[in-house]
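Right, one structure below, let's go through it.
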Amino acid sequence: MFLAVAALAPVAGALLLPALIRQEAPAGAAKPMRWRRLGWSLLAASGALALHCGSHLPQTQYILPMLAAGFALAFFAARRLLPAGSLRAAEGLPSVVAMRGLIAAAFFASEAFVPLILTTRYHWSLGSAGLALTASAVMWSLGSATQARLRGEAARRRGLTLGFAAMGAGLCFALAAASLSLHAGWVVAGWAVTGLGIGLSFPMLSVLTMKLSRPDEQGSNASALQLSDALSSSIALALAGLLIHALARPSAPPDALPILAMSALLALIGAWVSPRAFASDAPARAEAGAGQLS
């Protein structure tokens, strides 16, 4: 089923190609191909692959070296590919790119383990546990529709912070409910609030990226946003797998609650960083020069 999605990618590309060929680039927007960026992109992909493989190795003695290698590759590639200042969430565009990584890591790492909590702690069937993901998806749609109606920078600033805060609160609520063995419905409710939070914040980050980018840099900055999303998700999922493995006990189901705690912390960091996205109205350059600290 998942391979079918990959098979559709060339078809989608073929449909887009005629429209892209007809489109004229703005004057002065043409830039030479930067082969070094292609090399760093391949390095980033190698890091993500190493993180994925490392978290699934049956030989435990190789897990840490593989994860360390994957993290190192991803880190050094990100320094070259992301806008300068992204790794320290500098004001303006770098903080937006950083928040995209935080929100992706917080949500997608925990999403993978919410059904595990419901099946191991509450003995729900897989079908019933999937209702939590459905509730979150519906609330994501509601949050996205809500943020689209926000007008003015002040309202959007509050909406972005509120979205991250709602994610943190929802994750903390689900964590507390599962830790205290409260009814499973409370876990689902907490995860639904998390979905509402990402629905509020996630679309805003794409809009802010376009707003803070010059027309000739929108493509590269949008790709940086996607790269931050992919690398952060890979790192968070690898760390989640490592936590599950490290805390595993013989003849006991895996404990996924630490992953919820990690995700809640990432979401709250995002809420703290969010005002920096509005601190600068000047478009930021995406080019992170050699030797610059991202």
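The values are calculated or read from the model by the stated rules, or taken from the named source; none is laboratory data. Keep in mind the model is a prediction, meaning the values are calculated, not measured. We place every Cβ from the backbone using ideal geometry, glycine too, and count neighbours over all the protein chains shown.
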Candidates ALA27, ALA44, ALA48, filtered to the one that is within 23 Å of GLY219 (Cβ to Cβ), modelled with pLDDT under 70 and not acidic (Asp, Glu): ALA27
Members of region 35-49 that are within 16 Å of the chain's Cα centre (by Cα) and free of Cβ contacts under 8 Å to residues at least 40 places away in the same chain: ALA45
Some residue of region 93-100 being at pLDDT 90 or above, closer than 21 Å to ALA192 by Cβ, more than 15 Å from the chain's Cα centre (by Cα) and in a helix (DSSP H, G or I): no
Residue match in region 180-202 (condition: at positive phi and at pLDDT 85 or above): yes
Filtered residues of region 189-220 (kept if of a type in the set (A, V, I, L, M, F, W, C), farther than 20 Å from GLY143 by Cα and surrounded by fewer than 22 Cβ atoms within 10 Å (Cβ to Cβ)): MET210
Residues of region 88-133 satisfying the condition of being touching a helix residue (DSSP H, G or I) at 6+ places or on another chain (Cβ under 9 Å) and of a type in the set (Val, Ile, Thr): VAL96, VAL97, ILE103, VAL114, ILE117, THR119
Qualifying residue in region 115-136 (condition: crowded, with 20+ Cβ neighbours inside 10 Å, of a type outside the set (Ser, Thr, Tyr), out of contact with any Pro (no Cβ under 7 Å at 6 or more places or on another chain) and more than 17 Å from ILE259 (Cβ to Cβ)): no
Long-range neighbours under 9 Å by Cβ, at least six apart or interchain, first residue over 15 Å from SER233 (Cα atoms) within region 61-73, second hydroxyl-bearing (Ser, Thr, Tyr) and not in a helix (DSSP H, G or I): ILE63/SER55; MET66/SER55
